[in-house]
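Engineer: Next up is a structure, given as structure tokens.
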Protein chains: 2
Amino acid sequence: MQKFGGSSVANAQRLERVAGIIYSCAKKGNRVVAVVSAMGDTTDELIELANKINPDPPEREMDMLMSTGEQIASALLAMAIARKGRPAISFTGAQVGIITDQHHTTAKIRTIETKRVHKELSGGKAVVVTGFQGMTKNKDITTLGRGGSDLSAVALAVALKADVCEIYTDVEGIYTADPRIVPDARKLKCIDFDEILELAARGAQVMHTRAVEVAKKYDMPLHVRSSFVPKEGTMIMSMSKDKYIEKAVVRGVALTENEAKITIADVPDKPGIAAQVFNELAKVHVNIDMIVQNVGCDKLNDISFTVAKGSLQKALKTVKDIGARMKAAEVTYDDDIAKVSVAGVGMRAQAGVAGRCFSALAKARVNIDMISTSEISISCVVKKEAGKKALAALHKEFGLSRIKQ
Amino acid sequence: MQKFGGSSVANAQRLERVAGIIYSCAKKGNRVVAVVSAMGDTTDELIELANKINPDPPEREMDMLMSTGEQIASALLAMAIARKGRPAISFTGAQVGIITDQHHTTAKIRTIETKRVHKELSGGKAVVVTGFQGMTKNKDITTLGRGGSDLSAVALAVALKADVCEIYTDVEGIYTADPRIVPDARKLKCIDFDEILELAARGAQVMHTRAVEVAKKYDMPLHVRSSFVPKEGTMIMSMSKDKYIEKAVVRGVALTENEAKITIADVPDKPGIAAQVFNELAKVHVNIDMIVQNVGCDKLNDISFTVAKGSLQKALKTVKDIGARMKAAEVTYDDDIAKVSVAGVGMRAQAGVAGRCFSALAKARVNIDMISTSEISISCVVKKEAGKKALAALHKEFGLSRIKQ
């Protein structure tokens with residue numbers, strides 16, 4: 001199973017390169033199924049076209065429209081493979097039998113038929129499948145939402161019992177930190193499902209978490225690699241099962257500047273208050289990331305939490321309404337923040353990682369605003385201008401530039 | 001049933017106008033199904049893209065690619081109708097159950113399921129269906145070839161037992177002659193299926209003949225009208241059934257400059273020679289239009305026939321091979337010709353039409369090179385530079401500029 005993202009098939013030349021990768025793999029005797037995204041900016045162009053015609057388009061029709069992007073890329077890729085001399089056949093999500101629920105634009109895969117794909121593979125064909133889409137039982141076309149093509153690839157790999165699901169992209173693999181920010185970041189040879197999930201949730205832009213979660217659930221190894229450079233990339237797999245466990249306690253660091261902090265000051269310290277705040281936010285579909293609550297003087301609390309910047313206005317409106325009802329003194333926000341995180345499954349077995357984080361940040365003269373920890377990660381909110389410095393300090397502290405590849 | 005061609009939906013503004021036509025029709029209480037072509041030049045752009053990647057693309061993959069053009073237009077049209085306040089739903093040929101044979105790029109419709117369309121119409125929705133495409137029993141996407149969207153519309157109209165199939169286009173109806181060539185050409189109020197078939201075969205560019213043939217077979221009236229001007233257009237129907245028969249013996253004239261003439265000179269006059277020539281041309285898929293054979297002196301024949309200019313080279317090669325085997329003196333060709341035709345079901349009952357044609361052309365000093373007649377039409381091949389003059393002369397001779405609308 002191979003998956004190619006939009007940038008890998010952005011134009012005719014790149015499509016030909018991708019066809020070459022598939023052709024070579026098939027020539028070695030492998031049965032190859034390739035999942036492909038829409039070419040380059042196709043998806044954005046289709047959204048723009050739709051918005052021109054209807055600023056609030058019906059979601060079913062959006063799916064009907066959007067699904068054409070992958071269909072075009074799939075047909076062209078099959079043509080490119082055929083030209084290299086390998087028979088190839090393309091399928092839409094509907095044709096290949098990817099059955100989803102009825103939630104247009106964010107559908108979930110229910111089942112996958114594999115009969116037709118197996119038949120074509122047995123006939124010696126390379127099979128190309130449109131990513132990002134499926135169909136309901138009622139034959140309506142659906143799309144899977146952000147990161148949907150990764151999800152299609154992983155789900156198909158599981159259904160077809162593939163050996164590995166290769167995710168071809170425009171980076172060479174997964175790094176200990178974003179190399180644009182930390183120049184001595186190193187490419188990892190492999191990483192655990194849980195580590196990549198933590199890093200992705202904390203701002204590392206590699207694969208969408210839904211796809212990794214499905215891969216983890218079915219223990220399907222993922223190989224993140226470049227479609228431009230013929231090198232091994234990074235294996236994402238279950239590391240506990242594997243002998244290959246490195247000693248490094250922290251395996252990667254991540255930075256995100258896409259969050260904003262909201263603080264409700266001087267809330268009466270009564271049970272159920274926090275629950276009320278976060279239930280009402282959930283009702284308006286605001287996802288919360290970090291939460292910190294401090295008990296102040298006079299039994300008054302401060303509650304701070306972070307949300308994606310895109311949800312800030314909606315969250316503020318809701319919180320201000322609640323704040324008024326609760327007679328909280330003040331609702332403030334700060335969107336000039338950054339969040340730095342470290343993650344590694346090794347943290348489960350090793351104490352003192354949090355202390356090392358805080359010391360390293362202090363040494364770099366970075367003030368910590370909020371802290372949150374999970375079993376295998378630690379995140380700190382800092383001022384936005386200190387974000388990159390903080391990331392570099394953590395990367396250095398845990399020796400990630402010297403990690404074995 | 002309404003059908004909108006590519007020029008009617010070429011951009012967002014035009015799509016909105018089309019949505020307005022459908023909305024108004026539905027608001028009057030009609031159940032509306034609209035068949036739509038790809039927007040403007042989409043189809044040509046997709047072909048160009050494919051040729052860049054594979055100059056000889058597999059036909060199944062071409063269909064997969066081409067079908068996206070209508071899918072995009074359908075989804076956008078449904079969005080535009082929804083915006084006007086009418087719920088709308090779009091379907092691909094596959095979803096709506098247009099089952100075809102397996103001849104990719106030139107598939108023929110076998111059956112049409114109408115259950116889902118009826119259900120949505122009963123639910124008060126306007127239904128939009130992609131033209132030009134269907135799917136095989138095996139769920140492979142097929143396209144119907146040139147004029148395929150007209151065919152989809154007529155076949156759906158028949159399957160859904162529609163009252164009429166409106167063909168919206170960029171002209172206001174069917175004229176007695178091409179108004180760009182004959183300025184006093186008049187729009188016809190109605191025309192017989194047979195007349196339009198003759199005129200289309202003889203160069204009038206109105207509707208594809210396959211669609212008209214299906215409409216004739218099932219007696220489905222077609223209404224050819226403008227998507228830009230809200231006026232009645234031309235009804236294509238069975239005129240013999242209808243009281244509305246005009247007295248004009250000729251109902252339209254047509255001109256084509258897209259044919260070329262091939263002549264095989266001095267062929268031995270033996271039985272079966274013509275058969276051999278045309279059988280071999282059929283084998284290489286060259287369609288023949290007019291055929292004339294003259295017996296010359298010494299029992300040697302000249303055989304002349306016309307083919308579409310696009311087939312000229314292929315036809316010449318075949319004919320030269322045969323000519324050499326038959327010891328024919330010479331194979332020549334002339335692609336500097338035009339064909340003028342007159343057609344009208346009234347010709348069945350009236351003699352002397354051919355004589356009037358030839359006199360009119362003689363009076364206009366136009367030499368006739370070849371003649372061919374059917375029950376309801378007469379065609380003459382003339383020099384290309386005389387084509388327009390000949391057309392005007394015939395239009396005048398049969399009083400078509402004074403025809404009742």
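All of the numbers you see were taken from the coordinates with simple rules; none came from a lab. Just so it is clear, the model here is predicted, and its values are computed rather than measured. All Cβ positions, glycine included, derive from the backbone under ideal geometry; neighbour counts span all protein chains shown.
Engineer: What angle, in degrees between 0 and 90 and rounded to the nearest 10, separates the Cα long axis of helix B:312-326 from the longest principal axis of the Cα atoms of chain B?
Structural biologist: In chain B, helix B:312-326 runs at an angle near 40 degrees to the longest axis.
Engineer: Quick one: pull the percentage of alpha-carbon pairs in the stretch B:196-351 with a separation above 25 Å. Don't skip to the answer; put the middle values down first.
Structural biologist: Working: 5678 of 12090 pairs.
Percent of Cα pairs beyond 25 Å in the stretch B:196-351: 47.
Engineer: I need the P(r) histogram for the protein assembly as shown: all alpha carbon pairs, bin width 10 Å from 0 out to the longest distance, whole percents.
Structural biologist: Per 10 Å bin, starting at zero, the Cα-Cα P(r) for the protein assembly as shown comes out as 2, 11, 16, 18, 17, 13, 9, 6, 5, 3, 1, 0, 0 percent.
Engineer: If you don't mind, there's one more thing I want to ask. Give, in nm to one decimal, the length gained when the segment between B:K384 and B:Q205 is fully stretched (0.36 nm per residue of separation minus the Cα-Cα distance). Can you show the working numbers first?
Structural biologist: Values: separation 179, 0.36 × 179 = 64.44 nm, distance 1.83 nm.
Answer, rounded to one decimal: 62.6 nm.
Engineer: Summing +1 for each Lys or Arg and -1 for each Asp or Glu, what net charge is found among the other residues whose Cβ lies under 12 Å from the Cβ of A:A211? Mind dumping the intermediate values first?
Structural biologist: On the way: positive: A:K3, A:R146, A:R210, A:K216, A:K217; negative: A:D150, A:E213.
Surrounding charge for A:A211 is +3.
Engineer: Quick one: work out the % antiparallel among DSSP beta bridges in chain A, nearest 5. Don't skip to the answer; put the middle values down first.
Structural biologist: Working: 46 of 69 bridges.
Taking every DSSP beta bridge within chain A, about 65 percent pair in antiparallel fashion.
Engineer: Given the protein assembly as shown, what percent of its DSSP beta bridges are antiparallel, to the nearest 5? Present the calculation step by step, with values, prior to reporting the outcome.
Structural biologist: Numbers: 92 of 138 bridges.
Within the protein assembly as shown, antiparallel bridges account for around 65 percent of the total.
Engineer: Still on this structure: Once you wrap a convex hull around the alpha carbon atoms of the stretch B:309-385, what is its projected area averaged over all directions, in nm²?
Structural biologist: Taking the Cα atoms of the stretch B:309-385, their convex hull projects to 6.9 nm² on average.
Engineer: Give me the tail of P(r) for the stretch B:76-217 as a percent: Cα-Cα pairs with distance above 26 Å. Before the final figure, lay out each step's value.
Structural biologist: Working: 3356 of 10011 pairs.
Every Cα pair in the stretch B:76-217 considered, those over 26 Å come to 34 percent.
Engineer: Run lengths n ≥ 4 of DSSP H only: what is the helix-derived mean residue ellipticity at 222 nm for the protein assembly as shown, with -39500 (n - 2.57) per run over all residues, to the nearest 500?
Structural biologist: Mean residue ellipticity, 222 nm, calculated: -11000 deg cm²/dmol.
Engineer: Check A:H223: other-chain or 5+ apart residues with amide H under 5 Å from its amide H, H built from backbone geometry?
Structural biologist: A:C165, A:E166, A:I167, A:I236
Engineer: Can you bin every Cα-Cα distance in the stretch A:260-371 into 5 Å intervals starting at zero and give me the percent of pairs per bin, rounded to whole numbers?
Structural biologist: Computed distribution, short to long bins: 2, 10, 20, 19, 16, 13, 12, 7, 1, 0.
Engineer: Right, another one. Along Cα→Cβ, 7 Å out, is where each label goes; now give me the distance between the ones at A:E45 and B:I181 in nm to one decimal.
Structural biologist: 3.7 nm
Engineer: Oh, and also: One decimal, nm, shortest first: give the distances between the label point of A:D184 and those of the same position in the other copies, each label point 7 Å from Cα along Cα→Cβ.
Structural biologist: 9.3
Engineer: Turning to a different aspect of this structure: What nm distances, shortest first, do you get from the label point of A:T114 to those in the other copies when the point sits 7 angstrom along Cα to Cβ?
Structural biologist: Shortest to longest, the spacings are 4.2 nm.
Engineer: Here's a follow-up. Could you give the spread of the C-alpha atoms of the stretch B:37-95 along their three principal axes, from largest to smallest, in whole angstroms?
Structural biologist: On the principal axes, the stretch B:37-95 reaches 45, 23, 13 Å in Cα extent.
Engineer: Under a straight-distance cross-link criterion of Cα-Cα below 13 Å, which aspartates and glutamates are reachable from B:K363, leaving out those fewer than 8 residues away in the same chain?
Structural biologist: B:E397
Engineer: So if we plug the beta-carbon distance of A:H118 and A:E213 into 1/(1 + (r/R0)^6) with R0 = 22 Å, what FRET efficiency do we get, rounded to 0.05?
Structural biologist: With R0 = 22 Å, the Cβ-Cβ based efficiency is 0.25.
Engineer: What nm distances, shortest first, do you get from the label point of A:M326 to those in the other copies when the point sits 7 angstrom along Cα to Cβ?
Structural biologist: From this label point to the equivalent ones elsewhere in the assembly: 9.7 nm.
Engineer: In angstroms, what radius of gyration and Dmax does the stretch B:11-70 have, counting Cα atoms only?
Structural biologist: Radius of gyration, then largest Cα-Cα span, for the stretch B:11-70: 16.1, 49 Å.
Engineer: Among all the lysines, which ones have a C-alpha under 21 Å from A:K27's C-alpha, if same-chain residues fewer than 8 places away are not counted?
Structural biologist: A:K3, A:K84, A:K119, A:K125, A:K161, A:K231
Engineer: For the stretch B:2-245, go through all pairs of different Cα atoms, get the mean of 1/r, take its inverse, and jot down that Kirkwood value in Å.
Structural biologist: Value: 18.2 Å, from the Cα pair sum.
Engineer: Beyond 18 Å, what percent of the Cα pairs of the stretch B:342-405 remain?
Structural biologist: 33 percent
Engineer: Same structure again: Given R₀ = 22 Å, FRET efficiency for A:A274-A:K108 by Cβ-Cβ distance, to 0.05?
Structural biologist: Numbers: r = 30 Å, r/R0 = 1.36.
According to the calculation, E is roughly 0.15.
Engineer: Taking H as built 1.01 Å from N, whose amide H comes closer than 5 Å to the amide H of B:N301, not counting residues under 5 places away?
Structural biologist: B:D266, B:V267, B:D269, B:G296
Engineer: Just grab the label-to-label distance for A:V229 and A:K137, each label 7 Å out from Cα along the Cβ direction, in nm (one decimal).
Structural biologist: 4.8 nm
Engineer: Sticking with this structure for a sec: By how many nm would the segment from B:K283 to B:K317 lengthen if fully extended, with 0.36 nm per residue of separation less the alpha-carbon distance?
Structural biologist: Length difference between fully extended and current span is 10.9 nm.
Engineer: Hey, with R₀ at 25 Å, roughly what FRET efficiency would B:K363 and B:E257 work out to, going by the Cβ-Cβ distance, to 0.05?
Structural biologist: It comes to 0.65.
Engineer: Could you tell me what a quarter of the Cα convex hull surface of the stretch A:98-162 works out to, in nm² with one decimal place?
Structural biologist: The orientation-averaged projected area of the Cα hull of the stretch A:98-162 comes to 4.2 nm².
Engineer: Could you work out the relative contact order of chain A, using alpha carbon pairs under 8 angstrom and six or more residues apart, expressed as a whole percent?
Structural biologist: Computed value for chain A: 14 percent relative contact order.
Engineer: Still on this structure: Rounded to whole angstrom, how close does the nearest chain B beta-carbon get to the axis mapping B onto A, and which residue is it?
Structural biologist: Spelled out as residue then distance in Å, it is B:T68, 2.
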